[in-house]
Amino acid sequence: MENNNMNLTLKVWRQKNADTKGAFVTYKAEGISPDMSFLEMLDVVNEGLIHKGEEPIHFDHDCREGICGMCSLYINGRPHGPKGAITTCQLHMRSFHDGEIIVIEPWRAAAFPVIKDLAVDRSSFDRIQQAGGFVSVNTGVTIDANSIPIPKVIADEAFNSATCIGCGACVAACKNASAMLFVSAKVTQLAMLPQGQPERWSRVQAMVAQMDAEGFGNCTNTGACEAECPKEIKMTNISKMNNDYFSAKLFREEGVHEHASSGE
């Protein structure tokens, strides 16, 4: 090694699309600086592949600041890699050592079909949010933000739920590929606020129904989702969502149907 740079062996999942079989392909990553991010390391490998006339490894990325969640990768058996509470783009190569073998895979879930190589289609999350992740607002004169007092403890908890970036690590970590942590975070952040009350009971039913329609599995209650979430979303959101769901089904069904039929 020179200047503490590392030589690594990568076993990367390559797959043309969701309809074809994939396989691991071995690549050498040489002269990798420990200060590189994981995505920068992949960029270096891709530059070498392009130089040799080979097709580069396809993977998603956007902000590279741990905000968008696009960089999701399954690294050595863990979503986003060996460090906790970070996304793949925030993972640096100093977390590995010279000569290490690194296995890189896409999210493994039927509801996240492979687009190509390490990139998967997570539009199922978009459809879940579109099913009920919104609030009723009056258009026109802007309402003073202080006109609806919200206790700080409630505001803080709602904000903590809202920090979910929809990366899908919870799904990848769950042996049933459950999206309960994601859906519950989106349901709870609105259910806790006054602005989210008009659709509260229809929202939880619509989003859970869409989650099931997308093919996500049931919650395993093992806590793997919370353990691997880069934003440390809590499983208490699942309890709150379940409470709202059963309340809607048992006691609010009529009101939900009236709300839906009125178009409000």
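Summary table
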item	result
Residues located in the stretch 101-137, provided they are touching a strand residue (DSSP E or B) at 6+ places or on another chain (Cβ under 6 Å) and not in a strand (DSSP E or B)	P106, W107, F112, D117, D121
Residue list for the stretch 175-225, filter: of a type in the set (S, T, N, Q) and more than 24 Å from A155 (Cβ to Cβ)	N176, S178, Q205, Q210, N218, T220, N221, T222
Where a residue in the stretch 152-174 is open to solvent by less than 20 Å² (accessible area, probe 1.4 Å) and its partner, wherever it lies, is charged (D, E, K, R) and in a helix (DSSP H, G or I), with Cβ under 6 Å and at least six apart	A169/E228
Flag if F112 is open to solvent by less than 40 Å² (accessible area, probe 1.4 Å), touching a residue at least 12 places away in the same chain (Cβ under 8 Å), over 21 Å from the mean Cα position of the chain (by Cα) and assigned by TED's automatic domain parsing to the domain that holds R14	no
Total residues in the stretch 191-206, condition hydrophobic (A, V, I, L, M, F, W, C) and either farther than 21 Å from S123 by Cα or within 16 Å of the chain's Cα centre (by Cα) (or both)	4
Flag for A131 being under 14 Å from the mean Cα position of the chain (by Cα) and either surrounded by 14 or more Cβ atoms within 10 Å (Cβ to Cβ) or β-branched (V, I, T) (or both)	no
Residue, nearest to M93 (Cα to Cα), within the stretch 19-38, restricted to residues that are of a type outside the set (F, W, Y), part of a strand (DSSP E or B) and open to solvent by 60 Å² or more (accessible area, probe 1.4 Å)	E30
Only listed residue being of a type outside the set (A, V, I, L, M), in contact with a helix residue (DSSP H, G or I) (Cβ under 9 Å, 6 or more places away or on another chain) and at pLDDT 95 or above, chosen from G99, G81, G77	G81
Qualifying residue in the stretch 197-213 (condition: assigned to a loop (DSSP other than H, G, I, E, B), at pLDDT 95 or above and not charged (D, E, K, R))	no
Inter-residue pairs, beta-carbon under 7 Å, first within 21 Å of A172 (Cβ to Cβ) and in the stretch 88-102, second in a strand (DSSP E or B) and open to solvent by 70 Å² or more (accessible area, probe 1.4 Å), 6+ apart	I101/K11
Yes/no for T236 being open to solvent by 70 Å² or more (accessible area, probe 1.4 Å), hydroxyl-bearing (S, T, Y) and modelled with pLDDT of 95 or more	yes
Test set (1) of a type in the set (D, E, K, R); (2) open to solvent by less than 50 Å² (accessible area, probe 1.4 Å); (3) farther than 22 Å from C225 by Cα - K16 fails condition number	(2)
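Condition check ((1) among the small types (G, A, S); (2) more than 24 Å from the chain's Cα centre (by Cα)) across all residues:
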| residue | (1), (2) |
| --- | --- |
| R14 | no, no |
| K21 | no, yes |
| Y27 | no, yes |
| S33 | yes, yes |
| V44 | no, yes |
| H61 | no, no |
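One line per residue, one yes/no per condition, for (1) open to solvent by 20 Å² or more (accessible area, probe 1.4 Å); (2) part of a helix (DSSP H, G or I); (3) at pLDDT 95 or above; (4) of a type in the set (D, E, K, R):
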site	(1), (2), (3), (4)
D43	yes, yes, yes, yes
F59	yes, no, yes, no
D62	yes, no, yes, yes
G66	no, no, yes, no
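The values are calculated or read from the model by the stated rules, or taken from the named source; none is laboratory data. Since the model is a prediction, treat every value here as computed from it, not as a measurement. In this analysis, Cβ positions are derived from the backbone assuming ideal geometry, glycine residues included, and neighbour counts consider all displayed protein chains. The accessibility values were calculated without ligands, DNA or RNA, using every heavy atom of the protein model including side chains. Shrake-Rupley method; radii C 1.70, N 1.55, O 1.52, S 1.80 Å.
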